[in-house]
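All of the numbers you see were taken from the coordinates with simple rules; none came from a lab. Predicted, not measured: the structure shown is a model, and the values here were computed from it. Don't worry about glycine lacking a Cβ; one is built from the backbone with ideal geometry, like all the others, and counts go over all protein chains shown.
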Amino acid sequence: MDLTGAKWFKSTRSSGNGACVEVAITDEGVAVRDTKDRTKAPHIYTRAEWDAFIGGVKDGEFDL
């Protein structure tokens, strides 16, 4: 996935302590990276994988 020029987003719920992730949405899928080390390659997910994850979040599957 070519991420040149990708627009990265960080949640407004991020605490600002550096323990955050950023997301870039592209035509090919979704990239997720750790804000503490942006030199590492991001994790890449297909749209279907991302939709399944977001659906689980909305349904409370990951609540602690």
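Observations on the model:
- Over 18 Å [Cα-Cα, region 8-58], rounded percent: 34 percent
- Peptides 51-59, 24-32 ranked from most to least packed give 24-32, 51-59, packing being the mean of other C-beta atoms within 10 angstrom over each peptide's residues.
- Pairwise FRET efficiency - Ser14 versus Ala52, Cβ, R0 = 25 Å, nearest 0.05: 0.60
- Packing-based exposure ordering (other Cβ within 10 Å, fewest first) of Arg47, Arg13, Arg33, Arg38: Arg13, Arg38, Arg47, Arg33
- In region 8-58, Cα pairs under 8 Å separated by at least six residues give a relative contact order of 25 percent.
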